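In what follows, a single structure is set out as structure tokens and then discussed.
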Amino acid sequence: MSATDTHRTIDAVWRIESARLIAGLARMVRDVGLAEELAQDALVIALEQWPQSGVPDNPGAWLMTTAKRRAIDRLRRSKLLERKHVELMHELESEQEHAVSQVEAALDDPIGDDLLRLIFTACHPVLSVEARVALTLRLLGGLTTEEIARAFLVPEPTIAQRIVRAKRSLAKAEVPFEVPRAEELAARLSSVLEVIYLVFNEGYSATTGGDWMRPALCEEALRLGRVLAGLAPREPEVHGLVALMEIQASRSRARVNGKGEPILLLEQNRAQWDRLLIRRGLVALEHAEKLGGARGPYALQAAIAACHARALAAEDTDWPRIAALYGVLAQVAPSPIVELNRAVAVAMAFGPAAGLELVDGLVAESVLANYHLLPTVRGDLLVKLGRPGEALAEFQRAAGLTQNGRERELLLARARACADATAPPSLR
């Protein structure tokens with residue numbers, strides 16, 4: 001194997017094994033930051049040795065053993081707790097006696113307690129949402145600081161600072177490396193799901209930059225969601241989120257044309273939707289509902305997405321059911337954005353005038369003052385009501401609010417269409 005092929009293999013191994021490696025080390029040293037350093041040390045040693053010695057039969061086990069040796073060296077140098085030193089030495093000796101088999105069992109632990117602890121630690125509410133996102137992608141996604149910065153169009157030093165501060169904040173707050181107790185689990189799980197869905201949404205509808213989508217972020221969020229579903233199989237909202245992401249991701253190929261320009265939902269070629277992802281999403285949704293989670297916020301959104309997925313043509317969409325589901329969602333998780341989505345569904349089910357009445361009731365909401373989709377929806381409804389002059393101003397305002405270049409172009413095109421519709425016949 002050439003050096004280039006070996007480095008590619010190491011990169012692939014790191015993406016697969018890094019989260020479990022860091023999780024296992026964090027359980028031992030009780031410090032996420034130190035665990036990541038030890039894992040990175042093992043990676044550097046692999047980069048130095050594997051091109052000459054070859055890739056081990058079990059690279060994950062090799063990395064774990066190497067990192068544990070580094071942990072012991074670190075503990076010796078810093079003269080940390082003798083008890084921990086003895087425990088680690090005993091564990092390493094035991095692994096050496098039983099060769100690689102014992103390490104493989106730890107790495108392939110079906111319960112995944114260490115990984116679950118790492119997820120809850122990286123998404124701890126003591127951190128800001130931005131810090132949680134960056135740390136999760138770093139520790140659980142195996143992404144480099146540069147990759148995270150590129151994905152979110154944020155300067156690399158900014159992401160680096162967020163990650164460093166996040167690890168310091170966890171250490172300062174003495175956040176335990178554990179799965180929360182029953183009374184804390186719901187709140188902490190909500191934080192974990194929020195982070196994963198934020199990552200997915202940024203990939204699905206990029207808030208800034210020149211691309212409508214960032215597929216790599218969608219894929220990473222889906223992977224994290226599937227991992228979490230395997231680690232917490234009895235939590236209905238985990239399956240609800242996975243269902244929502246699977247179904248939404250199924251539309252990815254149909255959401256842009258060959259030039260990367262956006263294609264809106266009702267205009268998409270549904271033959272391009274990924275039926276496998278849809279089936280997976282529907283199975284996950286059914287699982288969430290069987291666990292009693294039909295009224296969970298993510299399960300409700302997944303049920304809405306399922307209505308679209310089941311419609312082979314846009315005109316077959318069950319808009320009354322979607323409007324009803326949004327009504328339930330507004331009760332379970334009330335927010336102006338949910339109400340805006342409900343207004344769209346009501347407009348599709350019962351006419352644009354009914355939808356516009358709901359939208360106009362949201363105009364005074366301060367939370368939506370700079371939310372570009374409010375004037376976007378209002379403009380769309382005004383067009384359907386034959387009021388292009390008013391719609392023109394709404395689309396122009398929306399174009400000024402969005403930070404995404406592709407979306408701005410789409411909104412300006414709609415504004416031009418409204419301007420053409422209001423021009424005298426002689427000027428058309």
Identify, by number, the condition in (1) in contact with a helix residue (DSSP H, G or I) (Cβ under 7 Å, 6 or more places away or on another chain); (2) at pLDDT 95 or above; (3) under 27 Å from GLY327 (Cβ atoms) that GLU365 doesn't meet.
(2)
Tell me which residues, restricted to the stretch 291-341, are touching a residue at least 60 places away in the same chain (Cβ under 8 Å), small (Gly, Ala, Ser) and within 21 Å of TRP273 (Cα to Cα).
ALA299, ALA302, ALA305, ALA306, ALA309
The stretch 260-292, residues that are assigned to a loop (DSSP other than H, G, I, E, B), modelled with pLDDT of 95 or more and either under 21 Å from the mean Cα position of the chain (by Cα) or surrounded by fewer than 16 Cβ atoms within 10 Å (Cβ to Cβ) (or both):
ASN269, TRP273, ASP274, GLY292
Checking THR422 against (1) in contact with a Lys or Arg (Cβ under 7 Å, 6 or more places away or on another chain); (2) farther than 24 Å from ALA343 by Cα, which single condition isn't satisfied?
(1)
Options VAL227, VAL199: the member that is β-branched (Val, Ile, Thr) and farther than 22 Å from ILE263 by Cα
VAL227
Exactly one of (1) at pLDDT 95 or above; (2) buried (at least 16 other Cβ atoms within 10 Å of the Cβ); (3) of a type in the set (D, E, K, R) is unmet by GLU407. Its number?
(1)
Listing of helices (runs of 4 or more DSSP H) fully contained in the stretch 299-404 that carry 2 or more residues being on the phi < 0 side of the Ramachandran plot, in the same structural domain as CYS418 (by TED's automatic domain parsing) and surrounded by 17 or more Cβ atoms within 10 Å (Cβ to Cβ)
373-384, 388-401
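Evaluate the stretch 237-251: report whether one residue or more is surrounded by fewer than 16 Cβ atoms within 10 Å (Cβ to Cβ) and in contact (Cβ under 8 Å) with a residue 12 or more places away in the chain. Step through it out loud before you land on a result.
Looking only at the stretch 237-251, we keep the residues that are surrounded by fewer than 16 Cβ atoms within 10 Å (Cβ to Cβ), and these are none.
Checked the stretch 237-251: no residue is surrounded by fewer than 16 Cβ atoms within 10 Å (Cβ to Cβ) and in contact (Cβ under 8 Å) with a residue 12 or more places away in the chain.
Could you tell me how many of the residues in the stretch 23-58 are without any contact (Cβ under 8 Å) to a residue 60 or more places away in the chain and either closer than 13 Å to ARG117 by Cα or outside any loop (DSSP other than H, G, I, E, B) (or both)? So that I can check it myself, show each step before the final result.
To start, the set of residues in the stretch 23-58 that are without any contact (Cβ under 8 Å) to a residue 60 or more places away in the chain comprises 25, 29, 34-35, 37-58.
Checking the rest, the ones that are also either closer than 13 Å to ARG117 by Cα or outside any loop (DSSP other than H, G, I, E, B) (or both) come to 25, 29, 34-35, 37-53.
The number of residues fulfilling the criteria is 21.
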Select from the stretch 12-42 the residues that are surrounded by fewer than 20 Cβ atoms within 10 Å (Cβ to Cβ), touching a helix residue (DSSP H, G or I) at 6+ places or on another chain (Cβ under 7 Å) and not small (Gly, Ala, Ser) and list them in ascending order.
ARG27, ASP31, ASP41
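The values are calculated or read from the model by the stated rules, or taken from the named source; none is laboratory data. Here the structure is a predicted model, which means the values were calculated and not measured. All Cβ positions, glycine included, derive from the backbone under ideal geometry; neighbour counts span all protein chains shown.
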